Amino acid sequence: MKKIFFYALSAVFFYSCVMPEKKNKDLSFKVKGSFKECAGDTVFLKHVKEDGLEFIDSALVSEDGGFEIKGRISSKDFYVLHFNNPEKAITIIPDTCEDIVIKSDDKNYDKHYTVENSPESEKVCQIIAELTKMQEVTDTLGRTFRRSVSDKHLAEIKFHLDSVYAENYKVLRQESEKFLAENKTSLAQIVCLSQYITPKTPLFDPEKDFAVYKNVHENLTEYYPDNYHTRKLGSYIERQKLSFSGEKPLQGHIVEGMTAPEIALPNIKGDTIKLSKFKGKYILVDFWASWSEVSQKRSDKIAALYKKHRSNKFTVFQVALESSHSKWQSAMYTQKIVWTSVSDLKVWNSKAAQDYGVKSLPASFLIYPDFTVHEINYPIEKLDSKLTELIGQPKKK
């Protein structure tokens, strides 16, 4: 379940005391627990962040299994609760000003537990409970098969076991699809999408269910565009897309030969730079993001192109799909980006991304001197020879 998850909003309180979406104000929360199997252990609360797990609070578990720990949040996000064994972690999504109550009397407390007073955490619990049922059925079927390997009726036994597995898989799949359809504003979609029946058997196959992955990412981008796990899922989708044979990330709205839509956005200093400023040159409009592994890998190749052809009527105009000015600035420095880079810090909701129909990365457009669009998503490896064909060999200094 954690392959994608670890790879993965407030200000006004309604009477339900649930955190509203798309707001920003720190919210204190408490987790009160009762885990009888963990008496005497230390319980830890950690925030799942881009650079790993951030320690938030810890407490000793009393002899009767009780504990209380505290935290603060400014927006919905993933936290984990674990005891002395960090491998047996419980995922929660604090979203309430009420005390979150978590209980378990089972030694497998990470699979058999209850949650109250946190709707998002309750959804995660629901997903884990259904997945656990399927895993327990799978384990039972496996044991039955191993006991029957010498039975003369093995073929019939296997057919029956396969039928039981298929029926249970069908139920889990249907319930999970229903969950995704009914919870489009929930971060718990990531947990649902990331279910593994066995370590090598995902419930949603990244290739066969690519449309499901994309749909979840689009939902999360609408409600949580700045969330690390939303961006991580987007990066994962990019890698999957590029791994499909013959798959090319096409963009909408823009067709070759049309006049390039104007882009007028601030650079890192806050000065508005217009794309039309470079009219008369060949302009590579490249959509990029500091959080995108695809973008990072392309930066060196774009740098080589820019260095070679910049003195010969060629430039790069980069649109950064960012939410953080500091991360954008840091990435520009570490990736040695010296060409024009602009951003309105709205990620996928950037006006430039919408005007150019950009919904995935990589995305690039070669603008000709007459300000028309050509070579949409042209392979970066072939742009060198294409530019040489269009504008000749670079001028010697």
(message) I'd like to verify a number: residues in the stretch 198-207 that are buried (at least 17 other Cβ atoms within 10 Å of the Cβ) and either charged (D, E, K, R) or at pLDDT 90 or above (or both), how many?
(response) 3
(message) Just the residues that are under 21 Å from Glu177 (Cα atoms), at pLDDT 85 or above and among the hydroxyl-bearing types (Ser, Thr, Tyr), please, taken from the stretch 208-260.
(response) Tyr213, Thr221, Tyr223, Tyr224, Thr230
(request) Out of the residues in the stretch 143-177 that are surrounded by 12 or more Cβ atoms within 10 Å (Cβ to Cβ) and small (Gly, Ala, Ser), state the one that is farthest from Val191 (Cα to Cα). (result) Ser148
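Results for (1) under 25 Å from the mean Cα position of the chain (by Cα); (2) charged (D, E, K, R); (3) modelled with pLDDT of 90 or more, shown as yes or no for each residue.
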| residue | (1), (2), (3) |
| --- | --- |
| Gln318 | yes, no, yes |
| Trp339 | no, no, yes |
| Asn349 | yes, no, no |
| Phe371 | no, no, yes |
| Glu381 | no, yes, no |
(message) Return the residues of the stretch 192-229 that are closer than 23 Å to Leu53 by Cβ, aromatic (Phe, Trp, Tyr) and assigned to a helix (DSSP H, G or I); say none if nothing qualifies.
(response) Tyr228
(message) Looking only at residues that are more than 27 Å from the chain's Cα centre (by Cα) and not aliphatic (A, V, I, L, M) in the stretch 57-77, which one is surrounded by the most Cβ atoms within 10 Å (Cβ to Cβ)?
(response) Phe67
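Conditions (1) under 25 Å from Ser194 (Cβ atoms); (2) at pLDDT 95 or above; (3) of a type in the set (Phe, Trp, Tyr), marked per residue:
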position: Gly65; (1), (2), (3): no, yes, no
position: Thr91; (1), (2), (3): yes, yes, no
position: Cys97; (1), (2), (3): no, no, no
position: Ile100; (1), (2), (3): yes, yes, no
position: Lys103; (1), (2), (3): yes, yes, no
(request) Output yes when any residue across the stretch 184-191 is in contact with a His (Cβ under 7 Å, 6 or more places away or on another chain), among the β-branched types (Val, Ile, Thr) and either buried (at least 21 other Cβ atoms within 10 Å of the Cβ) or outside any helix (DSSP H, G or I) (or both), and no when none is. (result) yes
(message) Quick check on my filter: what residues within the stretch 42-86 are among the hydrophobic types (A, V, I, L, M, F, W, C) and under 20 Å from Lys111 (Cα atoms)?
(response) Val43, Phe44, Leu45, Val48, Val61, Phe67, Phe78, Val80, Leu81, Phe83
(request) Kindly indicate whether Ile283 is crowded, with 19+ Cβ neighbours inside 10 Å, among the aliphatic types (A, V, I, L, M) and closer than 22 Å to Asp370 by Cα. (result) yes
(message) Take the conditions of a type in the set (Gly, Ala, Ser), part of a helix (DSSP H, G or I) and farther than 30 Å from Pro225 by Cβ and apply them to Ser121. Does it pass?
(response) no
(request) Test Ile100 against the stated conditions and say whether it is surrounded by 21 or more Cβ atoms within 10 Å (Cβ to Cβ) and out of contact with any Lys or Arg (no Cβ under 9 Å at 6 or more places or on another chain). (result) no
(request) Output yes when any residue across the stretch 358-365 is farther than 14 Å from Gln318 by Cα and exposed (fewer than 14 other Cβ atoms within 10 Å of the Cβ), and no when none is. (result) no
(message) Quick check on this structure: which one of Val124, Val80 is under 17 Å from Phe29 (Cα atoms), under 27 Å from the mean Cα position of the chain (by Cα), buried (at least 17 other Cβ atoms within 10 Å of the Cβ) and not assigned by TED's automatic domain parsing to the domain that holds Trp291?
(response) Val80
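The values are calculated or read from the model by the stated rules, or taken from the named source; none is laboratory data. Since we're looking at a predicted model, the values are computed, not measured. Cβ sites come from the backbone with ideal geometry, for glycine too, and all protein chains shown count toward neighbours.
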